[in-house]
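K.L.:
Okay, here's the structure, questions in a sec.
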Amino acid sequence: MSGDSGVPAADDRAPLLFLRDVSKTFSTGTVALRGVDMTIRDGDFLSLLGPSGCGKSTALRLIAGLSTPTSGQIEWPGASSRSDIGFVFQEPTLMPWASVFDNVWLPLRLRGIARAQAQPAVMEMLERVHLAGFADAVPRELSGGMKMRVSIARAMVTKPRLLLMDEPFAALDEITRFQLNNDLLDLWQDQRFTVVFVTHSVFESVFLSNRIVTMAARPGRVADEMAVSAPYPRDEAFRTSVDYAALCRQASTALEAAMGTNAEPRHVHA
Ligand code: ADP
Ligand code: MG
């Protein structure tokens, strides 16, 4: 049951992109990914869950086209393409000298859209992330959570089909993280884009996702895939529910198993 949230069951949706037998070996000899197969469906909120060094960031960079696979393919079967992607990194990476407005305007400016013309789209996104009152502030005047909101607004201002997020909330305190989790889900439910979300938090991945792909390290690979069929919208009641606890246990078990199947002993750190 998907409830009355309007989020269709995973298998009913069209594939947005395929990773087919994707491997990435760096010139250092590190096999960051080996034989990764994955289907990302239109409208998915998919989390890549795994320990440090299992190739999560490498996978995102390959999807974004910032890097190319050593072997295997990344296929976009539909009309969408790499130009239709937003990227949010763990560090907000804002221009320190520019206002919040100008930071969010940047991707539109790069497409040749003048400031006045961009105004409605920029202000709409700032409202969506609860920063409409901070358009003229500069980054140093903002908290870490607010900077991350600006970063999300900047990634979403072009209304990309696919949003890639690399541990975006890892540096934030738990209360701020929960707020941003809630706001991100609101935005996702409202605007119906696809998210690939990298995290090493079991709790965060279960709260947010409809699918969790667990990865293992050395070599980086897919170890497990699970559906999180709890209905949206998900709120604080879900966060404290028996269902949530059971799903967290399931994801945690998958992660433990993935970490226990390392090719090298666990005491060896990369
Ligand atoms: P994760 O994001 O899951 O922590 P990464 O994708 O960053 O993992 O890295 C996977 C592996 O590839 C790690 O062993 C890392 O040290 C290595 N790696 C990542 N980027 C490079 C690079 N540019 N050159 C060499 N090795 C790299
Ligand atoms: Mg990483």
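K.L.:
Give me the orientation-averaged projected area of the Cα convex hull of region 30-69, in nm², one decimal.
P.N.:
About 3.3 nm², averaged over all directions.
K.L.:
Additional query: With only alpha-carbon atoms counted, please give the Rg and Dmax of the chain, in Å.
P.N.:
18.6, 58
K.L.:
Let me ask another. Using the alpha carbons of region 154-200, what is the convex hull volume per residue in cubic angstrom, as a whole number?
P.N.:
76 Å³
K.L.:
If you take every DSSP beta bridge whose two residues both sit in the chain, what share of them, in percent to the nearest 5, is antiparallel?
P.N.:
50 percent
K.L.:
Rank E204, E225 by accessible area, highest first, at a 1.4 Å probe radius?
P.N.:
E225, E204
K.L.:
Return, for the Cα atoms of region 156-234, the radius of gyration and Dmax in Å, separated by a comma.
P.N.:
In order Rg, Dmax, the Cα atoms of region 156-234 give 13.1, 38 Å.
K.L.:
Moving on. Positive end of the dipole of the chain, charges at C-beta (+1 Lys, Arg; -1 Asp, Glu), about the Cα centre: which of G55, L142, F178 has its Cα farthest in that direction?
P.N.:
G55
K.L.:
If I build a Gaussian network model for the chain, linking alpha-carbon pairs within less than 10 angstrom, which residue out of R128, R109, R41 has the largest mean-square fluctuation?
P.N.:
Taking springs between Cα atoms under 10 Å, the residue moving most is R109.
K.L.:
Highest mean first, what order results for 183-196, 150-163 on Cβ atoms within 10 Å?
P.N.:
Top of the packing list down: 150-163, 183-196.
K.L.:
First compute the accessible area of the chain with a 1.4 Å probe, then give the percent of it belonging to carbon and sulfur atoms.
P.N.:
Carbon with sulfur: 53 percent of the solvent-accessible area.
K.L.:
Which is farthest toward the positive dipole end of the chain among P233, P15, A251, measuring Cα position about the Cα centre, with Cβ charges +1 (Lys, Arg) and -1 (Asp, Glu)?
P.N.:
Value: P15.
K.L.:
Can you give the charge dipole size of the chain about its Cα centre, rounded to the nearest 20 debye, using +1 on the beta carbon of Lys and Arg and -1 on the beta carbon of Asp and Glu?
P.N.:
Its charge dipole is roughly 800 debye.
K.L.:
Okay, moving on. Mind running the shape call on region 38-92? Use the C-alpha gyration tensor, a ≥ b ≥ c as the square roots of the eigenvalues: rounded below 1.5 for a/c, prolate if a/b tops b/c, oblate otherwise.
P.N.:
Taking the square roots of the gyration eigenvalues as a ≥ b ≥ c, region 38-92 is rounded.
K.L.:
How large are Rg and Dmax for region 114-270 when calculated on the C-alpha trace, in angstrom?
P.N.:
17.8, 58
K.L.:
Bin by bin, in steps of 5 Å, what percent of the Cα pairs in region 49-165 do you find, going until the bin that has the longest distance?
P.N.:
2, 11, 19, 20, 17, 13, 10, 5, 2, 0
K.L.:
In whole Å, how far is the Cα centre of region 28-78 from that of region 164-239?
P.N.:
Using only Cα atoms to place each centre, the spacing works out to 17 Å.
K.L.:
Let me ask something else. Rg/Rh for region 109-160: what does it come to with C-alpha atoms and Rh from Kirkwood?
P.N.:
On the Cα set of region 109-160, Rg over Rh gives 0.96.
K.L.:
At 222 nm, what helix-only mean residue ellipticity would the chain give, in deg cm²/dmol to the nearest 500, using -39500 (n - 2.57) for each DSSP H run of four or more?
P.N.:
It comes out at -10500 deg cm²/dmol, rounded to the nearest 500.
The values are calculated or read from the model by the stated rules, or taken from the named source; none is laboratory data. These figures come from a predicted structure and were not determined experimentally. Here the Cβ is made from the backbone with ideal geometry for all residues, glycine too, and neighbour counts use every protein chain on show. Each accessible area value is taken on the protein alone, full model and side chains, heavy atoms only, with ligands, DNA and RNA left out. Shrake-Rupley method; radii C 1.70, N 1.55, O 1.52, S 1.80 Å.
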